[in-house]
Each structure stands twice: as structure tokens, then as C-alpha cells.
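The values are calculated or read from the model by the stated rules, or taken from the named source; none is laboratory data. Quick caveat, the model's predicted, so the values are computed rather than measured. When we count neighbours, we look across all protein chains shown, and the Cβ atoms used for this are built from the backbone with ideal geometry, even at glycine. We work out accessible area using only protein heavy atoms, side chains counted, and drop any ligands, DNA or RNA first. Shrake-Rupley method; radii C 1.70, N 1.55, O 1.52, S 1.80 Å.
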Amino acid sequence: MLLELDLEKIRQISQRKENENYRFRSFLKGQDDEKIDRIVSRLHKELTGLIDCTACGNCCMKLQLSVTDVEINRFSAIDSVSPEDFRANFIEQNDFEKTLCLKDAPCKYLSDKKCRIYSDRPEVCKSYPHTHLSGFNSRTLEVIENTAICPIVFNLFEQLKRELGFRSR
Ligand code: SF4
Ligand code: SF4
């Protein structure tokens, strides 16, 4: 499999390919959802074996982390502050998605590309980039956004185009 791992190149190529990626999204809508999930599941296994998240950390650098009330309580205990202080200092509401998230990116728990609270990290961190989940065709807007950030998603999307014989022009 052809692999691109340079994060800056991935960002630039994803921007350049934005129209192509939306055309591929339309192409995928005409495909069998279960077939796409089978291919994506195989590619996810291959790519997570080839790409080392501990040498990357780009999702923790670039994305604002969504959190639940339970996770806010856990974070405040880890930081030895009250949940109220933690909310006041580190949490904001995402008005578009109506969710709570950390105010800033990079995530405050990222250190030298590694998560300082790995065993206590939120569910969304454990699941990201979500390419192990079924229903790929229902998440392609999110996938296109993630192609610019995550080497697993970027390379999976490009390989999926190749395997399905998608022509970019
Ligand atoms: S909690 Fe850990 S895994 Fe989650 S975004 Fe922060 S640094 Fe990354
Ligand atoms: S999930 Fe993607 S962006 Fe996050 S550390 Fe792994 S390869 Fe990098």
C-alpha cells in the first residue's frame, strides 16, 4: 500500500483534494454499505499496524476534545481541582454540536506526543479515528474532515479510492 505519513503534506494534499473527496463521497453513496464496511475494516487493521499513534499525536494537537460530565469529574479529580473550577477554566460549549469540550487544542493532557492520562482518556479518544466502526458511509463528512488530520484516515481514504477504481477526473 502507498503510504503518506508527513503530517504537513497530508494537510496540504487533503485541502487540494477537497473537491475530489466530495465527489468520492457521492460515489460511495452508490456503493453497497456492507461491502464498504468490509473493505474499511480490513484497511483499518492494516493501517493501524503500520502507523504508530505514539509517534504522531496529531488528533490531540489539532482537535478540540469533546467530554461528558463524567469525564469532567474524572479530569478534575486527576488535576486535584473541583469540578466547578475545572469547568470554569477548561470547558466550553460547542454551540454547533451542543456538546461540552476542552477550550483549547492541543489537549492539555498531551505531552511530547503522548497522552499523560492514557488509561483515563475519554471514550472518544479511545475510538478515534473511528475507522473500526461500521457505518462508514454514514460518516463520510467527518471522514473528509479527518483526512487532513489523521494519517490513518488519509491513507485509508486514498486506498479506498484505488481499490474501488474511483477516477479522480
Ligand atoms: S485526553 Fe489524551 S488521548 Fe485524549 S485528546 Fe487529550 S492527550 Fe489525546
Ligand atoms: S489516531 Fe490518527 S491523528 Fe491520532 S495519533 Fe493516531 S495516527 Fe495520529
Review point. Considering only residues of the stretch 35-92 that are of a type in the set (Ser, Thr, Tyr) and within 13 Å of ligand 1 (Cβ to nearest atom), which is nearest to Lys161 (Cα to Cα)?
Key: Thr54
Review point. For Glu97, all conditions in the list (1) open to solvent by less than 70 Å² (accessible area, probe 1.4 Å); (2) modelled with pLDDT under 95; (3) under 17 Å from the mean Cα position of the chain (by Cα) hold save one; what is the number of the exception?
Key: (1)
Point to revise | Contacts under 9 angstrom Cβ, first residue in the stretch 106-124 being assigned to a helix (DSSP H, G or I), partner within 14 Å of ligand 2 (Cβ to nearest atom) and open to solvent by 40 Å² or more (accessible area, probe 1.4 Å), 6 or more apart | key: Tyr118/Cys125
Study note, to complete from the structure: When every residue in the stretch 121-137 that is over 12 Å from the mean Cα position of the chain (by Cα) and near ligand 1 (Cβ under 8 Å from one of its atoms) is compared, the one most open to solvent (accessible area, probe 1.4 Å) is Arg121
Review point. (1) surrounded by 12 or more Cβ atoms within 10 Å (Cβ to Cβ); (2) out of contact with any helix residue (DSSP H, G or I) (no Cβ under 7 Å at 6 or more places or on another chain): which one isn't true of Ala105, the others all being true?
Key: (2)
Study note, to complete from the structure: For Ser26, the lone unmet condition from (1) of a type in the set (S, T, N, Q); (2) within 16 Å of ligand 2 (Cβ to nearest atom); (3) modelled with pLDDT of 95 or more; (4) open to solvent by 30 Å² or more (accessible area, probe 1.4 Å) is (2)
Practice item. Tell me, yes or no, whether the stretch 28-35 has at least one residue that is in contact with a strand residue (DSSP E or B) (Cβ under 8 Å, 6 or more places away or on another chain) and part of a loop (DSSP other than H, G, I, E, B). Key: no
Practice item. Among the residues of the stretch 125-141, write down those that are within 14 Å of ligand 2 (Cβ to nearest atom), in a helix (DSSP H, G or I) and not basic (Lys, Arg). Key: Cys125, Ser127
Revision key, fill the gap. Of the candidates Lys45, Lys62, the one satisfying the condition of being within 16 Å of ligand 2 (Cβ to nearest atom) and surrounded by 15 or more Cβ atoms within 10 Å (Cβ to Cβ) is Lys62
Check your understanding: When you scan the stretch 138-156, how many residues do you find that are under 14 Å from Asn19 (Cβ atoms) and open to solvent by less than 10 Å² (accessible area, probe 1.4 Å)?
Key -> 1
